Amino acid sequence: MSQICVSLGRTRHSMVVAEHQALAQRGAELVELRLDWLSKAPDLGRLLTQRPTPVVITCRRPADGGRWKETEDKRQALLRQAIVSGVEYVDLEEEIATKIRRYGKTKRIVSYHNFSGTPNDLEERYGRMCELDADVIKVVTMAQSPRDNVRLLQLMEGAKIPTVAFCMGEFGLISRILCAKYGAPFSYATFNVDRVLAPGQISFDEMRNLYRYEQINAQTEVFGVLGDPIAHSYSPRIHNAAFRHDQRNAVYLPMRVPAEELDETLEAYSWLDVRGYSVTIPHKERAMRLANFRDDIVEDIGAANTLFRDNRNNWYAANTDLDAALSSIRMGLEMKGDSELAGKRVLLLGAGGVAKAIGQGVLRAGAALTVTNRTKQRGADLAQQLGCQFVAWENRGAAYVDVLVNCTPMGMYPHMNETPFQANWIREGTVVFDTIYNPESTLLLKEARERGCHCVSGLEMFVNQAAAQYQCFTRQAAPIDVMREALRKGISAVRSAD
């Protein structure tokens, strides 16, 4: 089982000691003490006496991303002192590994860091590091492309010396987590989200509770969400919560992939044996073309939000947005005792990908659709594609409708005082569906409720589309209540942090 090594970097000894104790109480089993962060000369006796967990002693130079301000001779002397003190691990850069001898039971981590990129000679460098009397080899580079993750993880496959290898930066998060799958003895996390010691580092709590790092092994199934940007995504929270509830050996990761690198990235990630992807902006149209098979909805809409593999490794493209949206609208109709969309007049606010999917869905259900959009030409183009009516944005309040659907970002956190539809335009009894899920109750929905409307939040659509994806991924029903609660908690946690 791979461990989480929590990096501690504080300017005062007292804070290092206090946070080390706090980490031990929270279940941390290995802690890295970054001596280069201390404002005064490191006092190893104070830091190591009665230490509550095994430690890694590290003292980084500025060239390696550290803060050491004294001479190199003093730094190396400090590392030798740590070894003589009997610390569990000491981190030695490859250039000094031959200058500092093995002594006692202290294990040697021979490390290489590159903050500018992943070098072409990475594999050759790793081979040289294997000759430096290491107990553990650590290789960390800055990912300039998602594909760099695969190069780092491949270093660990069949490694004769225990190896920790991952990428820094937003592209690199998946390798920080998946190094456990490929035999790393540990990976690194930070004390909390406000104390990041290296680009892309995540907190101990996220590593342990969100991604269940300590349960990842060679048999762990890998899933993820493809997008750019992707850091804001709540999908990892709800899918990982479902995996935990179902006791499934699987992990779901945010995978940032630029639009121009999608094909090459998915080809490289085939080495990771990823079993399924959620797909978001800007990849939905391109993703459908990469699948061996596509469902009818994907063909009609021209976009996929789900890619998954069968037992024969064929890729299937699906779109779970549409059914989730229609289910949400029908939920609102059921509130007024009528679940039938056929014949209803629907006003669609927005002309993006989600609006296109919902528009096609309500038309297929027999509804009469009108589209409006802030950018007139884009709205008119969508109406023409769908074969429905178009109304100018400034005239949207004059439309007499049974169902109002918001597909614009107006009212989304943090712009919660905005609304795409004035309250005095809303007719009593209208079904109002807002695809925004953060906040769950937008200003549009609040004002609609006050006017006696039947309201449905975008949270229901988001959870339902994710539940359908989960079923595609696992071939079993999703624990939808667990996913809904995970989303609500995730939204609340982000708001509290802000």
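When Q360 is tested against (1) within 33 Å of the chain's Cα centre (by Cα); (2) over 30 Å from V222 (Cα atoms); (3) free of Cβ contacts under 8 Å to residues at least 60 places away in the same chain, just one condition goes unmet, and that condition is (3). If you take the residues of segment 1-20 that are within 30 Å of A218 (Cα to Cα) and at pLDDT 95 or above, which of them is surrounded by the fewest Cβ atoms within 10 Å (Cβ to Cβ)? Of everything passing the filter in segment 1-20, Q3 is surrounded by the fewest Cβ atoms within 10 Å (Cβ to Cβ). The residue list G361, G343 contains one member that is of a type outside the set (A, V, I, L, M, F, W, C) and outside any helix (DSSP H, G or I), which is G343.
Within segment 60-94, if we keep just the residues that are among the acidic types (D, E), assigned to a loop (DSSP other than H, G, I, E, B) and under 17 Å from V136 (Cβ atoms), the residue that is modelled with the highest pLDDT turns out to be E88.
Would you be able to say whether some residue in segment 100-112 is touching a residue at least 24 places away in the same chain (Cβ under 8 Å), more than 37 Å from the chain's Cα centre (by Cα) and part of a loop (DSSP other than H, G, I, E, B)? Walk me through it before giving the result.
From segment 100-112, those touching a residue at least 24 places away in the same chain (Cβ under 8 Å) are 100, 102, 106-112; that's our starting set.
From what's left, more than 37 Å from the chain's Cα centre (by Cα): 100, 102.
Next, only the ones that are part of a loop (DSSP other than H, G, I, E, B) stay: 100, 102.
Yes, segment 100-112 contains a residue that is touching a residue at least 24 places away in the same chain (Cβ under 8 Å), more than 37 Å from the chain's Cα centre (by Cα) and part of a loop (DSSP other than H, G, I, E, B).
Among residues of segment 387-408 being part of a loop (DSSP other than H, G, I, E, B) and modelled with pLDDT of 95 or more, the one that is surrounded by the fewest Cβ atoms within 10 Å (Cβ to Cβ) is G387.
Please count how many residues of segment 451-495 are of a type outside the set (F, W, Y) and either out of contact with any helix residue (DSSP H, G or I) (no Cβ under 7 Å at 6 or more places or on another chain) or not in a helix (DSSP H, G or I) (or both).
Here is the first cut: in segment 451-495, the residues of a type outside the set (F, W, Y) are 451-461, 463-469, 471-472, 474-495.
Subsequent filtering for residues that are either out of contact with any helix residue (DSSP H, G or I) (no Cβ under 7 Å at 6 or more places or on another chain) or not in a helix (DSSP H, G or I) (or both) retains 451-458, 469, 471-472, 474-479, 481, 485, 488-489, 491-495.
Final tally of qualifying residues: 26.
Within the set T265, T280, the sole residue that is β-branched (V, I, T) and touching a residue at least 60 places away in the same chain (Cβ under 8 Å) turns out to be T265.
Select from segment 261-310 the residues that are more than 20 Å from P146 (Cα to Cα) and assigned to a strand (DSSP E or B) and list them in ascending order. Correct list: F293, R294, R309.
Kindly indicate whether L23 is under 30 Å from A218 (Cα atoms), in a helix (DSSP H, G or I) and touching a residue at least 40 places away in the same chain (Cβ under 8 Å). The answer is yes for L23. Contact map, segment 288-302: residues that are under 14 Å from G359 (Cα atoms) paired with residues that are surrounded by fewer than 19 Cβ atoms within 10 Å (Cβ to Cβ) and acidic (D, E), Cβ distance under 7 Å, separation 6+ or inter-chain. Pairs shown: G302/E285.
The values are calculated or read from the model by the stated rules, or taken from the named source; none is laboratory data. As the structure is a computational prediction, the values presented were derived from the model and not from experiment. All Cβ positions, glycine included, derive from the backbone under ideal geometry; neighbour counts span all protein chains shown.
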